[in-house]
Amino acid sequence: MNSKTTSNFQDMLETLPLQIQQSAREAYKFFNLNPNHPSLQFKKVHNTRPIYSVRINVDYRALGEIDGNDIIWFWIGPHR
């Protein structure tokens, strides 16, 4: 699966604390190597659309939508 990010995702990422940005980049690398890496907790979060969540750390998540063989990351922020 190929990972892509939207410009909105990049804008959101840049507003996060540097430590969270670094954690997000590490999670992105893990995902590209193995989307099922246990630390990512990659899972579907929408009943009808192919939207998935990945764990950045205990407090932050990223959301992406699968489109064919691509996942397009469109949101990153606090998990509540």
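How would the chain be classified by its alpha-carbon gyration tensor: rounded, prolate or oblate, with rounded meaning a/c under 1.5 and the a/b versus b/c comparison settling the rest? Note, shape of the chain comes out rounded.
Centre-to-centre, using Cα atoms only, segment 40-80 and segment 1-21 are separated by 12 Å. What's the angle, to the nearest 10 degrees (0 to 90), between helix 18-33's Cα axis and the longest principal axis of the chain? The two axes meet at around 30 degrees.
Rule-based calculations on the coordinates, nothing more; no lab input. All values derive from a computational prediction rather than experimental measurement.
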